[in-house]
Each structure stands twice: as structure tokens, then as C-alpha cells.
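K.L.:
The structure follows.
The values are calculated or read from the model by the stated rules, or taken from the named source; none is laboratory data. Owing to the predicted nature of the structure, the values given are computational and were not obtained by experimental measurement. Methodologically, a virtual Cβ is constructed for each residue, glycine included, from the backbone with ideal geometry; neighbour enumeration extends over all protein chains shown. Surface accessibility is based on the protein's heavy atoms, side chains included, excluding ligands, DNA and RNA. Shrake-Rupley method; radii C 1.70, N 1.55, O 1.52, S 1.80 Å.
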Amino acid sequence: MAVTTGDTSSSSGTWRTPLVIIICGCAIALLSFGPRSSLGFFVQPMSREFAWGRDVFGLALALQNLLWGLGQPIAGAIADRFGILRVMIVGALLYAGGLLLMRYSTAPLSLDIGAGVLIGFGLSGCSFNLVLSAFSKLLPPERRGIALGAGTAAGSFGQFLFAPFGVAMIDNFGWQTALTVFALLMLLIVPLSLAIATPPATSSSSNVSAADQQSFKTALAEAFGHRSYVLLVLGFFTCGFQLAFITVHLPAYLADQGVSSQTGGWVVAAIGLFNIIGSLSVGWLQNLFPKRYILSLIYLTRALAIVAFISFPITTFSAIMFGAVSGLTWLSTVPPTSALVALMFGTRWFATLYGFAFVSHQVGGFLGVWLGGIVFEQFGSYTPIWWLSILFGVLSALINLPIVEQPVARPVAQPA
């Protein structure tokens with residue numbers, strides 16, 4: 001069964017059916033997102049062993065988020081031009097190397113290089129963002145919506161699996177062994193990436209669409225001159241700020257409130273589990289309702305969930321309920337955001353343009369993690385950051401409402 005790309009039909013080998021592509025892509029998303037979402041559980045054991053403040057670990061993971069974002073459009077442009085396979089392999093090797101260096105870190109600088117630089121750039125090359133790009137290029141349009149939701153949900157399932165697994169590894173074998181096991185698991189991405197390899201770009205000709213004739217610079221100029229794309233990018237900032245802050249600092253916040261590390265692990269796991277429901281549901285709902293309204297509702301729901309969470313005493317029940325509600329909106333912004341990029345500009349430069357949107361997401365992540373550590377060290381509380389997350393959620397709910405959901409107008413290419 002040949003695989004149909006988003007723009008042209010091409011045979012990609014009898015074994016690479018749409019089902020195989022989706023399964024292997026989801027496995028990559030699961031593996032790449034799992035360890036990264038569990039790094040917050042290493043804050044306390046590593047900080048105790050080396051007498052670090054939370055700002056030290058916060059800076060390293062803030063760098064990770066920032067470099068993941070800055071590296072994403074570069075990785076996306078290389079993948080769009082030369083194919084995804086080589087980008088995936090390099091990303092997986094960098095990710096594994098960063099986890100190993102983190103395991104042997106005894107000083108803040110080595111932690112910054114391992115957990116920050118190497119894992120950050122590694123994620124830009126092998127995370128679910130490129131998986132979604134491969135789905136957009138390799139799968140027919142009628143399968144993209146559910147595939148994008150499935151790829152996003154798979155990342156959440158990785159969070160669901162790795163959070164309690166990481167806590168159990170740390171408690172029973174130590175944080176060093178846990179990081180070593182995580183690094184070895186990242187190497188599985190290399191063979192899996194063979195299934196989602198995309199062909200290199202071909203030179204344009206007079207009988208192809210205007211989107212396929214676009215140069216890199218023209219695509220960027222068109223996107224950043226498009227009001228709806230700019231609004232989408234600005235709103236995505238909040239998603240990164242909230243997710244990164246909660247991922248890194250929620251386990252420590254719960255411990256400060258007297259909640260056990262095991263319960264903290266299950267709270268993070270609940271986020272991952274319920275995000276499977278949220279991502280798949282949004283992947284289906286975006287075919288029925290305007291994507292801008294879905295995004296606005298997601299951001300507003302997050303803000304209200306945070307208000308409820310911090311306004312009452314923290315208990316095991318309230319923490320898990322917060323994890324469940326947060327999970328429903330966790331990565332569910334990704335399917336409509338990526339679908340809007342593909343709808344506006346097509347799939348030719350999808351990885352690049354979604355990559356630049358992801359820069360905004362990760363700049364938000366950098367600030368969420370970094371400011372969380374600084375604010376806690378200065379005031380002994382995360383309360384100011386919680387309220388800043390609420391403010392950003394309300395603003396993003398408003399920013400997404402004016403987005404126009406239609407392809408950008410382009411001149412029609414004339415035949416030679």
C-alpha cells in the first residue's frame with residue numbers, strides 16, 4: 001500500500017503503510033517526551049547531593065526549553081530540505097548524550113551543557129514536532145487530524161509512563177541509574193525513524209503549486225507578514241510558559257505542600273494520561289469546530305484550573321484533580337496550532353514555520369522555568385508565577401479569537 005503525501009502521490013515502500021508511519025511516529029513521540037517531562041523529579045535529589053538551589057536546576061532546564069525552541073526551526077528547515085531521517089538520528093544521539101552528561105554532572109556548568117544544551121538541541125531534532133511534520137507530509141489529508149492528535153497524545157502517554165517509572169527508578173536505584181536507563185532508551189528512536197523518513201525537496205518546476213515553488217526566505221516573509229500566523233505564534237507563548245513551569249516546578253511545589261514524591265509522580269502521570277484524552281478529542285473536534293475557538297477555550301480552562309488549584313489547601317485529591325484537568329488541556333493546543341499552520345501555508349515549509357511558532361512556545365518555557373527558580377529563591381514561594389500563568393492564559397484566550405482560518409492568498413502559477 002503506497003503512502004500518499006500531502007501534496008503529491010509517491011510510493012514509499014510497501015512496508016511503510018499509513019498505520020506503520022503513525023505507530024512508529026507515536027513511539028518516537030512517546031520516547032522523546034517521556035524523559036524530558038520527568039526531569040523535575042531530579043531537582044530535589046541532585047540539589048541535595050550537590051547543595052544546589054532550585055535556581056541552578058531551573059537555569060539548566062530553562063536553557064533546554066530555549067535551545068529546543070531556537071533549534072526547532074533550524075531542524076525543521078533541514079528536514080524540509082533534506083528529509084527528516086538524518087535530523088532524527090542526530091537529535092536522538094544528542095538527547096542520549098545529554099542525559100549521560102547530566103548523570104555525571106557535579107557542577108552547574110556541566111548540568112547546563114548536558115540538561116540544557118545537548119538535550120535542548122536533541123529535542124529539536126527528534127521530538128514530536130518533527131513527527132507531526134512527517135505526518136503532515138506523508139499522510140493523506142483525511143488522516144492528518146486524528147494522526148496529529150495521536151502523535152500529540154503519544155507524547156503525553158510517554159509522560160504518563162515515565163513519571164512513575166522515573167520516581168521508582170530514583171527511589172530504588174538512584175538518580176544516576178535512572179538517567180542512564182533514560183539515555184539508553186533514547187537510542188530506540190534511531191531505528192524507529194526509518195518509518196517516518198521523508199524525501200528531500202525537489203527543485204521547483206512550472207507545473208507545481210506556488211507553495212512548492214517558494215524559497216525559504218519567501219515562506220518566512222509570507223508567514224510573518226500574515227496577521228493570523230503572528231497571533232497564533234503569540235498565543236503559543238503561554239502554552240510553553242505554563243507547561244514548562246508546571247513540568248519542572250510542580251513536583252517540588254507539591255513536596256513543599258507536604259505531598260509525597262510518589263503522589264507527585266502520579267500527578268504528573270495523570271497529566272499525561274488525561275492529555276491522551278484531550279489531544280485525541282481535540283484532534284477530532286478540530287474537524288467540527290473552528291480551531292481558534294478551541295484554542296481560546298483551552299487557554300481559558302487552564303487559567304481557571306490554576307485559580308482553583310492555588311486558592312484552596314493542597315491535598316492528594318486536589319493535586320490529582322489538578323493533574324487531570326491540566327492534562328485535558330496540556331498538549332491539546334498542538335493539533336489545532338499545527339493544523340492552522342498547514343491550513344494557512346501548506347506542507348512544503350511546514351516543519352520550518354511550525355518550528356518558528358515553537359520558538360515562541362519555548363521562549364515562554366524558558367521564562368516559566370527560569371523565573372520559577374528565581375522567584376522561589378527570592379521569596380520562598382511560587383505564588384507570583386502561578387498568577388502570571390493565569391494572566392497569560394486569559395490573554396492568550398483573547399489573542400486567538402481574531403485568527404482567520406483559511407489559506408493565505410497566493411498568485412496562481414502559470415504553465416510554461
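K.L.:
Would you check if Pro164 is at pLDDT below 90, surrounded by fewer than 19 Cβ atoms within 10 Å (Cβ to Cβ) and over 22 Å from Pro35 (Cβ atoms)?
P.N.:
On the way: at pLDDT below 90: yes; surrounded by fewer than 19 Cβ atoms within 10 Å (Cβ to Cβ): yes; over 22 Å from Pro35 (Cβ atoms): no.
So Pro164 does not fit the description; no.
K.L.:
Separate question: What do you reckon, is Val20 assigned to a helix (DSSP H, G or I), under 18 Å from Leu118 (Cα atoms) and among the β-branched types (Val, Ile, Thr)?
P.N.:
no
K.L.:
Take the residues in the stretch 241-260 that are crowded, with 24+ Cβ neighbours inside 10 Å and at pLDDT below 85; name whichever of them is nearest to Phe317 (Cα to Cα).
P.N.:
Restricting to residues being crowded, with 24+ Cβ neighbours inside 10 Å and at pLDDT below 85, the top hit is Pro251.
K.L.:
A further question on this structure: Against the definition (in contact with a Gly (Cβ under 9 Å, 6 or more places away or on another chain) and modelled with pLDDT of 90 or more), how does Ile170 come out, yes or no?
P.N.:
No: the conditions fail for Ile170.
K.L.:
From the list Phe350, Phe392, which one is within 30 Å of Ala255 (Cβ to Cβ), among the aromatic types (Phe, Trp, Tyr) and under 21 Å from the mean Cα position of the chain (by Cα)?
P.N.:
One residue alone meets the criteria, Phe392.
K.L.:
Report yes if Arg48 is at pLDDT below 90, among the basic types (Lys, Arg) and within 14 Å of the chain's Cα centre (by Cα), otherwise no.
P.N.:
no
K.L.:
Same structure again: Residues Ile390, Ile374, Ile385, Ile320: which one is open to solvent by 40 Å² or more (accessible area, probe 1.4 Å) and within 23 Å of Gly69 (Cβ to Cβ)? Step through it out loud before you land on a result.
P.N.:
Values: Ile390 fails: open to solvent by 40 Å² or more (accessible area, probe 1.4 Å); Ile385 fails: open to solvent by 40 Å² or more (accessible area, probe 1.4 Å); Ile320 fails: within 23 Å of Gly69 (Cβ to Cβ).
After applying the criteria, what remains is Ile374.
K.L.:
Scan Val363, Val369 and give me the residue that is closer than 15 Å to Leu66 by Cβ, surrounded by 24 or more Cβ atoms within 10 Å (Cβ to Cβ) and either in contact with a Leu (Cβ under 8 Å, 6 or more places away or on another chain) or at pLDDT 90 or above (or both). Steps first, please.
P.N.:
Details: Val363 fails: surrounded by 24 or more Cβ atoms within 10 Å (Cβ to Cβ).
Exactly one residue qualifies, and that residue is Val369.
K.L.:
Moving on. Look through the stretch 14-33, keep the residues that are over 16 Å from Ser279 (Cβ atoms) and open to solvent by less than 10 Å² (accessible area, probe 1.4 Å), and return whichever of them is modelled with the lowest pLDDT.
P.N.:
Among those residues, the one meeting the criterion is Pro18.
K.L.:
Output the qualifying pairs, or none if there are none: Cβ atoms under 7 angstrom, residues six or more apart or on different chains, first residue in the stretch 181-193 and within 14 Å of Gly122 (Cα to Cα) and open to solvent by less than 10 Å² (accessible area, probe 1.4 Å), second residue assigned to a helix (DSSP H, G or I) and of a type in the set (Gly, Ala, Ser).
P.N.:
Listed by first residue and then by second, the contacts come to Ala183/Ala96; Met186/Ala92; Met186/Ala96; Ile189/Ser32; Ile189/Ala92.
K.L.:
May I pose another question? Cβ-Cβ under 7 Å, sequence separation 6+ or interchain: first residue in the stretch 252-263 and touching a residue at least 40 places away in the same chain (Cβ under 8 Å), partner open to solvent by 50 Å² or more (accessible area, probe 1.4 Å). Which pairs?
P.N.:
Cβ pairs passing all conditions: Ala252/Gln44; Ala255/Gln44; Ala255/Ser261; Val259/Thr316; Thr263/Thr316.
K.L.:
If you don't mind, another one. Select from the stretch 307-328 the residues that are at pLDDT below 95 and among the β-branched types (Val, Ile, Thr) and list them in ascending order.
P.N.:
Listed by number, the residues that qualify are Ile310, Ile314, Thr315, Thr316, Ile320, Val325.
K.L.:
Using the structure shown, decide if Ala178 is within 30 Å of Pro251 (Cβ to Cβ), in a helix (DSSP H, G or I) and modelled with pLDDT of 90 or more.
P.N.:
The answer is yes for Ala178.
K.L.:
Take Phe350 and decide whether it is of a type in the set (Phe, Trp, Tyr) and open to solvent by less than 40 Å² (accessible area, probe 1.4 Å).
P.N.:
Yes, satisfied.
K.L.:
Which numbered condition in (1) without any contact (Cβ under 8 Å) to a residue 24 or more places away in the chain; (2) under 13 Å from the mean Cα position of the chain (by Cα) is the only one that Ser318 fails?
P.N.:
(2)
K.L.:
Still on this structure: I need the helices (runs of 4 or more DSSP H) fully contained in the stretch 254-362, keeping only those with at least 2 residues that are within 22 Å of Gly158 (Cα to Cα) and among the small types (Gly, Ala, Ser).
P.N.:
Counting at least 2 such residues, we get 261-285, 316-328.
K.L.:
Quick check on Ser389: is it within 20 Å of Leu297 (Cα to Cα), part of a helix (DSSP H, G or I) and touching a residue at least 40 places away in the same chain (Cβ under 8 Å)?
P.N.:
For Ser389, the condition - within 20 Å of Leu297 (Cα to Cα), part of a helix (DSSP H, G or I) and touching a residue at least 40 places away in the same chain (Cβ under 8 Å) - is met.
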